Amino acid sequence: MSELIIDGVWKEYGDQIVLENVSLTVASRAFVALVGPSGCGKSTFLRMLLGQERATKGTILIDGEPLPSEPGPDRGVVFQRYSVFPHLTVLGNVLLGKELTASKYKAKLFGAARRAAIEEARQLVAEVGLSGAEEKYPAQLSGGMQQRLALAQALIMKPKVLLLDEPFGALDPGIRAEIHTLMKRLWHETQMTVLMVTHDMREAFTLATRVVAFERPRDRPEEKQRYGATITRDISIWPPRRAGELSLSSPDRDGPVVLQGPRRDDPSSSPSGDR
Ligand SMILES: Nc1ncnc2c1ncn2[C@@H]1O[C@H](COP(=O)(O)OP(=O)(O)OP(=O)(O)O)[C@@H](O)[C@H]1O
Ligand SMILES: [Mg+2]
């Protein structure tokens, strides 16, 4: 459960201004989708929230405190690919975060603590739909299964903020719809505030409570270095979605619009329409 306040943040790499004057307040348990053209700094923005990159200017507060300058267990992350370790099994991947925090140097858990962690990891593996695959290695899993594993790996640390960088971008549409359902459930059932970068507007409007667009207001070739991207649109989803309130009447389905009485929701009320 966490509120984020991003205030007047700039990010420059050498002479290149990537982000300029970005300000955004994210309510606790919101699900914010970040969209924008390729190269406009969305991943850079997420990396700053993770603590992998520092803002050149401006402040980022998490629950009123300055963001720690390094990644920590309060912020989980899932990337489009490669966020799981190929040489560890499914269970090993999920356990890893626990092991690393238990013993910084040995990365091992012992006795009752280890048994409890394994039990917790098994439950989470089941929750993301990977029961039976505990002893498999990532190369033996499909892309969708690997992303489920990456989610479990992030979730075992019970992050207050979950950062997702196009986590479902490489998946086939059918698998993506399934994982959307899982993502919605996880968001409803946990206390997380979620920020997700996506190229897919439909995905943004399917999952988020709010869609925030980054854009470079000045984008001529000679201006690219000197002007960064900033937030140009900020759209709240209507009707509002709230974590913990799984609503049958909110437009959060993935499938095509089929109006079948009051139990069916109507994605056409979202600005993404039914593309
Ligand atoms: N470590 C770095 N050093 C120098 N420049 C960088 C670094 N990381 C990112 N950039 C530059 O910052 C800009 C924004 O990159 P970023 O990856 O954040 O964009 P993005 O919006 O995530 O793009 P995409 O949608 O393609 O993933 C790019 O011009 C990139 O070259
Ligand atoms: Mg990116």
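None of the figures in this text is laboratory data; all of them are computed from the coordinates on show. The structure presented is a predicted model; accordingly, all values stated were derived computationally and were not measured. Glycine gets a Cβ as well: all are built from the backbone with ideal geometry, and neighbour counts include every protein chain shown.
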- Amide H contacts of G58 (H built 1.01 Å from N, under 5 Å, at least 5 apart or other chain): W10
- Item | Environment charge at S43 (Cβ cut-off 10 Å; Lys +1, Arg +1, Asp -1, Glu -1) | -1
- Message: Show me, for segment 42-58, the HN-Hα J-couplings you get by feeding each phi into the Karplus relation (A = 6.51, B = -1.76, C = 1.60, θ = phi - 60°), rounded to Hz, glycine and proline as x.
- Response: 5, 5, 4, 4, 5, 5, 5, 5, 6, x, 7, 10, 9, 5, 6, 9, x
- Query: Quick one: L130, L50, L19, fewest Cβ neighbours within 10 Å first, how do they rank?
  - Reply: L50, L130, L19
- Task: Mind giving me the FRET efficiency for E222 and Q52? R0 is 25 Å, r the Cβ-Cβ distance, nearest 0.05 is fine.
- Result: 0.25
- Computed [θ] at 222 nm, helices only, for the chain once each DSSP H run of length n ≥ 4 contributes -39500 (n - 2.57): -8500 deg cm²/dmol
- If one builds a Gaussian network model of the chain from Cα atoms under 10 Å apart, the most fluctuating residue listed among D15, D165, D234 is D15
- Item | Average silhouette area of segment 124-254, convex hull of alpha-carbon atoms, in square nanometres | 10.0 nm²
- Projected area of the chain, taken from the Cα convex hull and averaged over every viewing direction, in nm²? 15.9 nm²
- Message: Eigenvalues of the Cα gyration tensor times 5, then square-rooted: what semi-axes does that give for segment 80-158, in whole angstrom, largest first?
- Response: 20, 13, 11
- Computed FRET value (nearest 0.05) for S38 with E99, which takes r as the C-beta separation and R₀ as 51 Å: 0.90
- Task: Can you list which of the GluC sites (Glu not before Pro) found in segment 52-161 are DSSP loop residues with at most 15 other C-beta atoms within 10 Å?
- Result: E135
- Task: Report the FRET efficiency, 1/(1 + (r/R0)^6), for E120 and H199, where r is their Cβ-Cβ distance and R0 is 35 Å, rounded to 0.05.
- Result: 0.55
- Message: Under 10 Å, Cα contacts only: if you run a Gaussian network model on the chain, which one of R226, R176, R122 comes out with the highest mean-square fluctuation?
- Response: R226
